[in-house]
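First comes the structure, then the notes that go with it.
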Amino acid sequence: MSTNSGNNAFFYLAFRISLVISLVAFIIIFFTLWLHIPKITAFQYAFIATIVILIVSYEVVRYFIQKRITRIETALIQLANKQFEELYEETYIRKDELDDVIIDLNKTVLSTEKELQRLNRLENYRKEFIGDISHELKTPIFAIQGFIETLLDGALHDERVNRSFLEKAMRNVTRLNILTRDLMEISKLETGELRSDLQSVTLKDIISDVVDNLQYKANNESITLKIGNIDPKIEVLADRNQLRQILINLIENGIKYNKPNGQVTVTARIYPKNPTKTLVSVTDTGLGIEPRDIPRVTERFYRIDKSRAREKGGSGLGLSIVKHILEAHGEQLIIDSIINQGSTFSFTLQNAD
Ligand SMILES: Nc1ncnc2c1ncn2[C@@H]1O[C@H](COP(=O)(O)OP(=O)(O)OP(=O)(O)O)[C@@H](O)[C@H]1O
Ligand SMILES: [Mg+2]
């Protein structure tokens, strides 16, 4: 068990204790005999000497061992009761095998405490997460249930309502689909399971690709989606798929939380505060965010206007996913917004060269 010393430590301790005991015993017997107490026989000398040696050796053992054994017992009891107060703060100076045991025990206590804290955090996260999920799943499920019940109650034969009810039910099914995908993503991100595979990527290519793919959504909402001036040579270190995910979430938000005929612009330029990085920004001319809501929009399931977000199919996970992905890249999301005028969501990435 001990890693600090081997059998030598045992002999060291045993030798030290027996030497002290023998020495003390020898001195006592020697002086008793030497003083020649006349009325006592040799057997009585030996008897007294034995009693004295027993007492002395008990005290010596107590001095060297018992205090520390008690310490080990206390540590084990505290470990069993999961109490970890100041167990590992003591220092030991004898450097024998008992100290090794105590040091090993302290290490065990420390790692057990850390592991328990980690498990507690995970458990709390799991509980909260399950609560949030069931809450979020209820809305689309109840909506689908309502549409189907109405259809079964007779609306199925009414040409005016059946198609529109089925379309509404379908929209909620799509929402459930996206929600389950995002939930898996966020649980991986929040428990630290998802890793970023950093590669050199040409920023303009990825941005153009994402913007092309989202153009139809922008058109549907009468929003102009465009790319600002971006140097085609800029290469950054990023996980390609995760960078796409960040851009999709930010641009989709720019489209969703915009005003009719609004604009969304994506730009990228060398970061003035640190030229080894590139600043990517998604700017919209939309609703804007109140200063008090800015720190909260990256929280899981946080939506400023719940009914508007739901109507747009939002479950409040997008920005939380963005935040975690950026953290995995060692970066942060920067939000600037003026209510009723628009918002800019920016982040930096390390340049590839
Ligand atoms: N560009 C923006 N302008 C104004 N408000 C925004 C903008 N982006 C996000 N928000 C607000 O922040 C909230 C959280 O955004 P987030 O992207 O996390 O969730 P969502 O868009 O509601 O749903 P999801 O992204 O999961 O589909 C939104 O519901 C909205 O209220
Ligand atoms: Mg979103």
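Overview of values
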{"item": "Condition met for GLY330 (more than 21 Å from THR174 (Cβ to Cβ) and in contact with a Phe, Trp or Tyr (Cβ under 7 Å, 6 or more places away or on another chain))", "result": "no"}
{"item": "Sole residue being within 13 Å of ligand 2 (Cβ to nearest atom) and basic (Lys, Arg), chosen from LYS277, LYS323", "result": "LYS323"}
{"item": "ARG303 being in the same structural domain as LEU250 (by TED's automatic domain parsing) and within 12 Å of ligand 2 (Cβ to nearest atom)", "result": "yes"}
{"item": "Residue pairs meeting the criteria (Cβ under 6 Å; at least 6 apart or on separate chains; first over 18 Å from THR180 (Cα atoms), in the stretch 140-157; second in a helix (DSSP H, G or I) and among the aromatic types (Phe, Trp, Tyr))", "result": "PHE147/PHE165; LEU151/PHE165"}
{"item": "Tally of residues being within 10 Å of ligand 1 (Cβ to nearest atom) and among the hydrophobic types (A, V, I, L, M, F, W, C) across the stretch 266-284", "result": "1"}
{"item": "Filter result (at pLDDT 75 or above and of a type in the set (S, T, N, Q)) within the stretch 1-56", "result": "THR50"}
{"item": "Filter result (part of a loop (DSSP other than H, G, I, E, B) and β-branched (Val, Ile, Thr)) within the stretch 281-307", "result": "THR285, ILE289, VAL297, THR298, ILE304"}
{"item": "Selection count where residues are within 16 Å of ligand 1 (Cβ to nearest atom), closer than 15 Å to LEU349 by Cα and crowded, with 19+ Cβ neighbours inside 10 Å, scope the stretch 206-265", "result": "3"}
{"item": "Positions within the stretch 181-198 being within 16 Å of ligand 2 (Cβ to nearest atom) and either surrounded by fewer than 18 Cβ atoms within 10 Å (Cβ to Cβ) or among the acidic types (Asp, Glu) (or both), in sequence order", "result": "ARG181, ASP182, GLU185"}
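The values are calculated or read from the model by the stated rules, or taken from the named source; none is laboratory data. Source: prediction; values computed, not measured. Cβ sites come from the backbone with ideal geometry, for glycine too, and all protein chains shown count toward neighbours.
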